[in-house]
Amino acid sequence: MTQIDITDIRPTRMDQGEFQTDEARWAAVQARDQAADGAFWFAVRTTGVYCRPSCKARPARRENVSFHDSPAAAEQAGFRPCKRCRPELEPQDRHQAQAVARACRLIETAEELPDLAHLADAVGLSRFHFHRLFKERTGLTPRAYAAAWRARRVRAELGRSETVTAAIYDAGFNSNGRFYAEAGKVLGMRPTELRQGGQGRRIQFAVTRCSLGQLLVAASETGICAILLGDDPAELESDLALRFPKAELAAGDARFGDWVAAVVCFVEAPKLGLDLPLDVQGTAFQERVWRALREIPPGATASYAEIAERIGAPKAVRAVALACAANRLAVAVPCHRVVRSDGDLSGYRWGVARKRRLLEREAKG
């Protein structure tokens, strides 16, 4: 069942810490990488001009290039701004991120959802441009974002309001009829069930060893709901308890033992596939990302930016990375097949060493 939330879709820029070395900066200049804009500026001694990394001007020779942490630093070194890329001005990407952030704040603080024209006018953009930009940045339309925000408020109010109806109105809904019609979609369960903390769910689990260390497999009534990797069985069990705090956790029965064996075989040989039902529950955006990950064939990889393109949200690279980090179905939802644009393995919630071993194993067939 799809659950909508917005904790992973705020408009943000990728961490620019990757552009700290001269080698990384030169690579960004050669690639005209827009993600590097605002992280540093480069200057060319033979022309006396400094530029932003994405500048489309004729490439310079490496020996003539120097790097600077700000336009002021470049100008203090005697360079003048490029007339083509205007490096002394705020990058367009940052302006766009700020515009979407302002719109998000308007949606979040409004008693009623502002219409598209009002939002676009408030951030100084045309309705068409604003709608396209908002969806690129957040992965949702303004209306869907507003619905997700109100659903989040309902989840909070359900824990402290006296009745479900009171929670709905306290969260800003003017009518409970429409909310109830889509409650399962936006909350992931019925409002009454959520108010009770999701109690009554039973999850079987077992911990065993595999070539990657300790492996925890858990299943709900719907299917496999967690495949966790680690070094300490106790830590894996604690992780499971944190993910399902209100559920009844129980040791798996004999039938479940067959499921565990199937998961172990799948971890050891991903190309065999996993013919078991999966209980994949996340936010609407997370599920779009996870679906795209499952379309990456064994032995292949994709970058976070490529995944963002595939789901129709090319600006939501950071949100894609967060969705990968939230994945609780190791290997079954193959977030290990996502790498940085430069091919670096980057982070992996179950350890980069395991990620490397999985990729090497898949590459060998």
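Tabulated data
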read-out: Residue, modelled with the lowest pLDDT, within region 305-323, restricted to residues that are of a type outside the set (Gly, Ala, Ser) and surrounded by 24 or more Cβ atoms within 10 Å (Cβ to Cβ); value: Val320
read-out: Residue that is crowded, with 16+ Cβ neighbours inside 10 Å, on the phi < 0 side of the Ramachandran plot and either charged (D, E, K, R) or in contact with a Cys (Cβ under 6 Å, 6 or more places away or on another chain) (or both), where the choices are Pro53, Pro114, Pro87; value: Pro87
read-out: Those strands (runs of 3 or more DSSP E) lying entirely in region 29-91 with at least 1 residues under 25 Å from Val317 (Cα atoms); value: 41-44, 49-51
read-out: Of all residues in region 326-365 being touching a strand residue (DSSP E or B) at 6+ places or on another chain (Cβ under 8 Å) and of a type outside the set (A, V, I, L, M), the one that is modelled with the highest pLDDT; value: Arg337
read-out: Test: residue in region 73-93 that is among the basic types (Lys, Arg) and within 28 Å of the chain's Cα centre (by Cα); value: no
read-out: Which listed residue is at pLDDT below 85 and not small (Gly, Ala, Ser), from Val154, Val65; value: Val154
read-out: Members of region 113-152 that are part of a loop (DSSP other than H, G, I, E, B) and without any contact (Cβ under 8 Å) to a residue 60 or more places away in the chain; value: Leu113, Pro114, Asp115, Val123, Gly124, Leu125, Ser126, Thr141
read-out: Helices (runs of 4 or more DSSP H) wholly inside region 200-297 containing at least 3 residues that are under 20 Å from the mean Cα position of the chain (by Cα), touching a residue at least 12 places away in the same chain (Cβ under 8 Å) and under 21 Å from Arg354 (Cα atoms); value: 284-294
read-out: Search result, residues across region 100-112 that are part of a helix (DSSP H, G or I), acidic (Asp, Glu) and in contact (Cβ under 8 Å) with a residue 60 or more places away in the chain; value: none
read-out: First in region 333-360 and closer than 20 Å to Glu295 by Cβ, second anywhere and buried (at least 20 other Cβ atoms within 10 Å of the Cβ) and polar (S, T, N, Q), Cβ under 8 Å, 6 or more apart; value: Val333/Asn327; Cys335/Asn327
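The values are calculated or read from the model by the stated rules, or taken from the named source; none is laboratory data. Nothing here was measured: the structure is a model prediction, and the numbers come from that model. Note that we place each Cβ from the backbone using ideal geometry, even for glycine, and neighbour counts take in every protein chain shown.
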